[in-house]
Amino acid sequence: MKPKTSTKLVEKRFGKTKDEQIAELNHPMTTIRNDLTPKQREFWWKTAHRVYMTNDRAHKYMVSERGRTANVCKMCNKHKETWQHMEYGCEELQKWLDRLEQIYNEYVKGKEADEWKKPTQDEWRLKENTEMSKDKMMVIAIARWQFHKGWCAINYGTKRRIDVERLAERVEETLTTVREREKRRREEKERQDKERDKQKTDEKENKKRKRGTI
């Protein structure tokens, strides 16, 4: 089932939005907001507004004592790191996208779920007007956040390369936590529903007793 975002919900959280503001919304800011941690939501807000500095941008505007920052992508060490390259074009990222099918299949095991297809660029952005299942949203939301953390480690010099398998383990651990949290919510809702039904039944029985029909 494709989850749909309520326009009223968006307006409640963000006020009346102009077309250009709506274009900046993504599912982590609306549809799956409550399933993400504050840090994950912050990452997706910054991604939507392109807050993160690419090496190409740093090369143009930042000069240190050592001179200008190299504009090359430190992930692949081949191409200029523009936003387009960093977000979707880098071959190291494409390898990561190929790895996500296995992670997704493990996440939805035992559930009725859509077949995995490699995310398009709009899906990888989790754009608000892009429809997909909530399961796919969650996998992309966590996978992109974890990949970003790896990107930061390489750019700040604490790591030399991305370890895809270690990254996959972290995503799977996070998704397991998400699944457990969803289970607890579902069980709590079922408990509350049962209590509500029991309360209604008891109220009906009490009314009948007062009328002398029992």
Counting Lys and Arg as +1 and Asp and Glu as -1, what is the net charge of the other residues whose Cβ lies under 14 Å from the Cβ of K208? +3
How large is the dipole of the range 23-211 about the Cα centre if only Lys and Arg carry +1 and Asp and Glu carry -1, each at its Cβ, rounded to the nearest 20 debye? 820
Low-density loop positions, trypsin sites (Lys or Arg not before Pro), the range 129-214 - DSSP coil, at most 16 other Cβ in 10 Å: K159, R160, R161
Quick check: the distance between the Cα centres of the range 100-120 and the range 150-214, to the nearest angstrom? 20
Expected unfolding gain across R166-Q192 under the 0.36 nm per residue rule, minus the alpha-carbon gap, is 5.4 nm
Along the charge dipole of the chain, pointing to its positive end and built from +1/-1 on Cβ of Lys, Arg, Asp and Glu, which listed residue (N26, I154, S64) has its Cα farthest out? N26
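Can you put W145, W45 in order, fewest other beta carbons within 10 Å first? Please report the intermediate quantities before stating the final value.
Details: W145 22, W45 15.
Ranking W145, W45 by Cβ neighbours within 10 Å, fewest first, gives W45, W145.
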What's the extension gain from V63 to K149 if we count 0.36 nm per residue and subtract their Cα-Cα distance? 28.5 nm
Please list, in chain and number order, the residues 5+ apart from V72 or on another chain whose amide H is under 5 Å from its amide H, with Hs placed from the backbone. E81
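Take the Cα pairs of the range 23-211, get the Kirkwood Rh, then feed it into Stokes-Einstein at 10 °C and 1.306 mPa s and tell me D in µm²/s. Could you put the intermediate results ahead of the total?
Values: Rh = 19.1 Å.
Reported coefficient: 83 µm²/s.
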Given a Förster distance of 30 Å, the FRET efficiency implied by the Cβ-Cβ spacing of K200 and N105, rounded to the nearest 0.05, works out to 0.10
What does the charge add up to near E188, with Lys and Arg as +1, Asp and Glu as -1, over the other residues with Cβ less than 13 Å from its Cβ? +3
Once phi for every residue in the range 172-181 is put through the Karplus expression 6.51 cos²θ - 1.76 cosθ + 1.60 (θ = phi - 60°), the whole-Hz ³J(HN,Hα) values, with Gly and Pro written as x, are 5, 5, 5, 5, 4, 5, 4, 4, 5, 5
Just from its helices, what would the mean residue ellipticity at 222 nm be for the chain, if runs of 4 or more DSSP H residues each count -39500 (n - 2.57) and the sum is divided by every residue, rounded to the nearest 500 deg cm²/dmol? -19000 deg cm²/dmol
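A short reminder: the numbers here are calculations on the coordinates, not readings from a lab. This structure is a prediction, so every number in the text was calculated from the model and none was measured. Note that we place each Cβ from the backbone using ideal geometry, even for glycine, and neighbour counts take in every protein chain shown.
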